[in-house]
Amino acid sequence: MSSALPTTQDTLPRPLNDAEASRLRADFPILGRSVNGTPLTYLDSGATSQKPTCVYEAEQHFYENFNAAVHRGAHSLAVEATDIFEQSRTDVARFIGAKDNEVIWTSNATEALNLLTYSFGNASAGLGGETARAFALGPGDEIVVTELEHHANLIPWQELALRTGATLKYIPVDEAGALRMDLAEQIVTPATRILAFTHVSNVLGTVIDVPALVALARSVGALTVLDGCQSVPHLPVNVKDLSVDFMAFSGHKMLGPTGIGGLYGRAALLDAMPPFLTGGSMITSVTMEKAEYLPSPMRFEAGTQRIAQAHGLATAVSYLSEVGMDRIAAWEELLGERMLTGLGSIPGVRVLGPGPGAARIGTAPFIIEGVHPHDVGQFLDSRGVAVRVGHHCAQPLHRALGVVSSTRASTYLYNTTSDIDALLNAVADVRGYFGVGK
Ligand SMILES: Cc1ncc(COP(=O)(O)O)c(C=O)c1O
């Protein structure tokens with residue numbers, strides 16, 4: 001019997017496999033190099049991803065053929081460069097389900113989050129006129145974050161609270177690092193004006209229940225700010241489906257160049273907010289006394305922009321789309337499971353984070369009893385395995401987990417099961433090497 005209805009199997013994304021990931025590696029020459037006489041095993045994509053040749057070739061092609069300042073000048077190069085710059089915005093906006101004027105270029109996610117907090121701070125100081133009043137904060141207002149946050153989505157809010165007199169609160173994690181959703185309803189109150197939270201923990205790799213937190217924020221009329229740094233590179237992300245008001249992301253974590261990231265914001269909100277940086281390119285008219293500002297995105301793009309980098313990032317998202325974000329996510333889930341299960345079965349190794357069943361990307365944080373993470377990192381490096389060690393810019397989360405630092409292995413589309421096995425084999429030798437646990 002034939003049926004037009006898809007079966008469950010048809011609808012599940014088909015993960016990449018080892019053969020495909022191995023083929024993709026040819027696009028990343030750096031993955032072919034050796035470290036300390038051993039082939040490189042790169043498991044630090046959570047910090048920054050490697051770049052396919054098409055990304056830096058796109059930048060080179062731009063500089064060789066089109067380099068000019070955008071949005072000014074009538075000569076051919078300036079017009080062509082502007083077209084490339086704005087087409088890049090369209091491509092990246094489409095990748096996250098946004099409209100063109102809803103993506104603002106920033107240097108990285110950190111700058112995107114600071115842009116927001118400085119803009120809200122300016123509104124709180126009375127700048128930006130009538131429309132900006134909606135963003136003004138003061139004593140009695142609350143900003144809520146979570147205990148999972150990267151410092152980039154914590155310190156800017158601490159500073160905003162200090163500048164405005166608002167109160168900063170947080171949703172805690174339990175001893176395993178799972179967000180205490182059961183407490184969220186008590187912490188988010190009618191006084192909450194902003195709920196800022198990460199989509200995926202950069203330490204634990206856990207995926208947060210965005211719809212639940214968005215619904216909670218909506219119920220009290222608070223704005224939502226999503227840190228998409230660890231989700232946009234690894235999962236299909238659509239800001240309209242998630243229904244968030246703002247989202248920050250970094251290009252260098254998603255195959256793009258360094259020096260480019262973005263802030264998504266609902267157009268109506270962005271157009272009402274006061275600017276963060278002021279200067280050239282963001283105005284309609286200027287007198288010696290005052291200036292009128294353009295709408296988004298140019299309202300927030302003062303000065304000469306990151307043109308080649310935007311083109312590089314657009315090339316990166318086209319590469320990711322061609323491979324398929326759903327297939328990448330499914331592959332990294334498999335790699336992550338292999339990593340977590342393998343690490344958990346090595347004596348003396350403690351995997352951090354909630355146990356089986358929690359939605360996680362391919363990120364595995366762990367502790368090796370009796371060996372400092374820094375020593376673990378150096379030993380793994382001697383075997384060619386690159387991982388991140390330290391507090392991963394998340395000191396409060398580490399404190400909540402009862403540790404000072406950890407070792408984190410993180411995957412991407414170009415990793416294979418051999419990479420995971422290289423990690424596991426090296427980790428299994430750590431305690432022996434340091435003479436611990438004998
Ligand atoms: C969850 C999260 N948020 C924010 C950042 C900051 O990103 P960037 O340093 O690119 O600004 C990172 C970087 O590791 C991150 O993982």
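Brief remarks on what is shown
- The set of residues in the stretch 263-278 being closer than 15 Å to residue 128 by Cα and assigned to a loop (DSSP other than H, G, I, E, B) consists of 273, 274, 275, 276, 277, 278.
- Top-ranked residue of the stretch 157-209 - restricted to ones that are part of a strand (DSSP E or B) and charged (D, E, K, R), ranked as farthest from the ligand (Cβ to nearest atom): 193
- Taking each residue of the stretch 302-323 that is free of Cβ contacts under 8 Å to residues at least 40 places away in the same chain and looking for partners that are in a helix (DSSP H, G or I) with beta-carbon atoms closer than 9 Å, six or more apart or interchain, yields nothing.
- Which numbered condition residue 237 fails, given (1) more than 10 Å from the ligand (Cβ to nearest atom); (2) within 20 Å of residue 305 (Cβ to Cβ); (3) among the aliphatic types (A, V, I, L, M): (2)
- Test for residue 282: is it in contact with a Leu (Cβ under 6 Å, 6 or more places away or on another chain) and either modelled with pLDDT of 95 or more or over 26 Å from residue 146 (Cα atoms) (or both): yes
- Here 226, 204 are screened, and the one residue that is within 15 Å of residue 179 (Cβ to Cβ), surrounded by 24 or more Cβ atoms within 10 Å (Cβ to Cβ) and in contact with a Pro (Cβ under 7 Å, 6 or more places away or on another chain) is 204.
- Filtered by the rule that a residue be within 15 Å of residue 311 (Cα to Cα) and assigned to a loop (DSSP other than H, G, I, E, B), the stretch 49-70 gives 51, 52, 66, 67, 68, 69, 70.
- Any hit, the stretch 6-22, residues being at pLDDT below 95, more than 28 Å from the chain's Cα centre (by Cα) and in a loop (DSSP other than H, G, I, E, B): yes
- The test for being in a loop (DSSP other than H, G, I, E, B), touching a helix residue (DSSP H, G or I) at 6+ places or on another chain (Cβ under 8 Å) and not charged (D, E, K, R) does not hold for residue 354.
- The stretch 356-413: number of residues that are basic (Lys, Arg) and under 24 Å from residue 232 (Cβ atoms): 3
- Test result for residue 408, away from the ligand (no atom under 15 Å from the Cβ), assigned by TED's automatic domain parsing to the domain that holds residue 16 and basic (Lys, Arg): no
- Top-ranked residue of the stretch 256-299 - restricted to ones that are within 16 Å of the ligand (Cβ to nearest atom) and β-branched (Val, Ile, Thr), ranked as nearest to residue 314 (Cα to Cα): 260
- For the stretch 71-128, a residue qualifies if it is in a helix (DSSP H, G or I), of a type in the set (D, E, K, R) and over 24 Å from the mean Cα position of the chain (by Cα), and the qualifying residues are 80, 83.
- Of all the listed residues (142, 175), the sole one being of a type in the set (Asp, Glu) and crowded, with 19+ Cβ neighbours inside 10 Å is 142.
- Residue within the stretch 411-423 that is of a type outside the set (Val, Ile, Thr), more than 30 Å from residue 324 (Cβ to Cβ), part of a helix (DSSP H, G or I) and more than 26 Å from the chain's Cα centre (by Cα) present: no
- A Cβ distance below 9 Å, combined with a sequence gap of six or more or placement on separate chains, defines the contacts here; from the stretch 212-224, residues that are part of a strand (DSSP E or B) reach residues that are at pLDDT 95 or above and among the charged types (D, E, K, R) in the pairs 223/193; 223/245; 224/218; 224/245.
- Qualifying residue in the stretch 212-232 (condition: in contact with a His (Cβ under 7 Å, 6 or more places away or on another chain) and over 19 Å from residue 246 (Cα atoms)): no
- Extreme residue, nearest to residue 261 (Cα to Cα), among residues of the stretch 79-119 that are surrounded by fewer than 22 Cβ atoms within 10 Å (Cβ to Cβ), among the hydroxyl-bearing types (Ser, Thr, Tyr) and within 16 Å of the ligand (Cβ to nearest atom): 107
- Long-range neighbours under 6 Å by Cβ, at least six apart or interchain, first residue surrounded by fewer than 21 Cβ atoms within 10 Å (Cβ to Cβ) within the stretch 181-200, second assigned to a helix (DSSP H, G or I): 184/216; 188/216
- So residue 139, is it assigned by TED's automatic domain parsing to the domain that holds residue 308, modelled with pLDDT of 95 or more and part of a loop (DSSP other than H, G, I, E, B): yes
- Set side by side, the residues 83, 44, 100 differ, and just one is under 26 Å from residue 410 (Cβ atoms) and of a type in the set (Asp, Glu), which is 44.
The values are calculated or read from the model by the stated rules, or taken from the named source; none is laboratory data. As the structure is a prediction and not an experimental result, all values here were calculated from the model. For neighbour counting, all protein chains shown are included, and Cβ atoms are generated from backbone atoms with ideal geometry for every residue, glycine included.
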